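Please treat every number below as a calculation from the coordinates, not as lab data. From a predicted model like this one, the values you see are computed outputs, not experimental measurements. Ideal geometry is used to build each Cβ from the backbone, glycine not excepted, and the neighbour counts take in all protein chains shown.
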């Protein structure tokens, strides 16, 4: 099957193969920023009225007939971006219906001509608002709003694997997959299995690992899930996960910053806390609030913690210890306390220097 | 005098324990927390002692001259009579940890 087909998908057996394939895919990717009113949708049926034959139409678009037929089997639409026609890939529908505010389940059920008209009307309303059109393997795979942050899938896998190797000594690739909607890879860390299972009080035969799922087209997000792999190869989720949408100022750097929070018990806590002792904080109240917000632990709790925070010469260590004390100081149910403890444990990995400003 | 493993397994040290830390790092950090609390609660200024020791933990290398200087500084504070018994006892706990770490390091058993 050609890579441009809507249902193209591939399982890979080697990590290098996944990286190479996604690298090639990235080379065959164009991301165009364009005003909404410079995009026009047209059904293939309508285009054929003008060009008469599939051959003539495919020659006009500069695409082979097979990909045109594939599109005619799915979205049945072409989108002209600043006058240049592109086939509309099936995966783009998620972003078109969701990200540029065209709602309603009935939309998908409309005939291609009606659908094209409706979308064109909405695009005209959006006027000169910028839209990022993502074209992969000769078809439009996504149309993102201006809030979309580009985080290519190949870079996600490459850099997450590098970070994982730094922390877990070595990685063993289990399996990988990609299609036009998302890509995933499963990695295991056999060298640290004993230490990690000991830290979590689990049987030694379990091997820790992660599953990385990312989509740089329709779903636009990165999710990294820690897991325990049984000798039979069964994956079971381990505690917290990292999830980041591709939007606003989010970046791959932010994803990498979150990685130490997976298998958080596998760390040198003494070293990290000692390092925090050397970080002077200029705006303790602000840092405390921002930290609580970032941890999802309730900004409202800042007032209580500030009461016991030293007034002078505050360090990141002082703030971290105040945060650690929070679950025990709140009158909450045991399950909520455990949830809060899990969130607060991540405080040790916060970049307090970055939070230390009065904004 | 307690040994490093004994100190490391004490309940009050458990909360600072982690799989990748060496015993001496965990025990020293607990001592630094004690010093930090004494300063935070307004009893005595300890930051000048904590900072260099914290750096040893971060560097992952025990520096005897830094530990010796910290021991001398703590003894000087203990000799000042106006801090009271509570502070004296807490500082004695810290000294015990520092000596245990020094001894274990000399014997090659970090």
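Worth a mention:
- Helix-only CD estimate at 222 nm, as mean residue ellipticity for chain A, using -39500 (n - 2.57) per DSSP H run (n ≥ 4): -12000 deg cm²/dmol
- Within segment A:1-33: backbone nitrogen closer than 18 Å to the residue A:179 label point (7 Å, Cα to C-beta): A:1-13, A:22
- Each peptide among B:52-60, A:264-272 gets the average number of other Cβ atoms lying within 10 Å of its residues, and from highest to lowest they stand as A:264-272, B:52-60.
- Potential lengthening of the chain between residue A:129 and residue A:159 amounts to 7.6 nm, from the contour at 0.36 nm per residue minus the alpha-carbon distance.
- Per-residue mean of C-beta atoms belonging to partner chains within 10 Å, peptide B:51-61: 4
- Every pair of different Cα atoms in chain A enters the Kirkwood calculation, which places the hydrodynamic radius at 23.3 Å.
- Per-residue shielding of B:31-41, expressed as the average number of other chain Cβ atoms within 10 Å of the residue Cβ, stands at 3.
- Average partner coverage of A:197-205, which counts Cβ from other chains inside 10 Å: 1
- Each part reduced to its alpha carbon centroid, segment A:266-343 and segment B:1-23 end up 23 Å apart.
- Taking other Cβ atoms within 10 Å as a rough exposure proxy, A:205, A:181, A:339 sort from fewest to most as A:205, A:339, A:181.
- FRET efficiency, residue A:53 to residue A:169 (Cβ-Cβ, R0 60 Å, nearest 0.05): 0.50
- Considering only the protein assembly as shown, percent of DSSP beta bridges that pair antiparallel, nearest 5: 95 percent
- Sequence of A:63, A:332 once ranked by neighbouring C-beta atoms within 10 Å, starting from the fewest: A:332, A:63
- This ranking places B:12, A:145, A:249 by how few other beta-carbon atoms lie within 10 Å of each, fewest first, which gives A:249, B:12, A:145.
- Taking chain A as a Gaussian network of alpha-carbon nodes connected by springs under 10 Å, the highest mean-square fluctuation of the residues A:302, A:333, A:45 belongs to A:333.
- Across A:286, A:335, A:211, mean-square fluctuation computed from a Gaussian network of chain A (C-alpha pairs under 10 Å connected) peaks at A:335.
- Förster radius 30 Å - calculated FRET efficiency between residue B:45 and residue A:341, Cβ distance, rounded to 0.05: 0.40
- GNM on chain A, alpha-carbon springs under 10 angstrom: the most fluctuating residue among A:43, A:251, A:336 is A:336.
- The alpha-carbon atoms of segment A:1-103 define a convex hull whose volume equals 127 cubic angstrom per residue.
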